[in-house]
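Derivation of every value follows stated rules applied to the coordinates shown; laboratory data play no part. Remember, it's a predicted structure, so these values are computed and weren't measured experimentally.
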Amino acid sequence: MNGWLIKISRWQGEGPIRVFAAAEPDPRLALVAVQTMTSAAPQLRVETVAELSSETIRQLGLEAGQARDLTS
């Protein structure tokens, strides 16, 4: 299963606040997984940045529907 790299930033574009990996092949479902985890929107901008390979998702230990904060 592929996934998505998700960035949460301020609406003014002041750089990323947090970065997440989400184990969802559909970018919309990846956004939902991160939004559910963080409750960031609508106060902050939540957007997909890049697709992640299935190998990367496996290395992160993510199962379908899971998300992980990669910021730290």
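Values for this structure:
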{"item": "Length released on extending from Trp11 to Ala64, taking residue separation times 0.36 nm less the Cα-Cα span", "result": "16.2 nm"}
{"item": "Amide H within-cut-off set for Leu52, under 5 Å, with H built and near neighbours excluded", "result": "Gly3, Trp4, Leu5"}
{"item": "Relative counts (whole %) of C-alpha pair distances in region 3-69, using bins that are 10 Å wide", "result": "25, 55, 18, 2"}
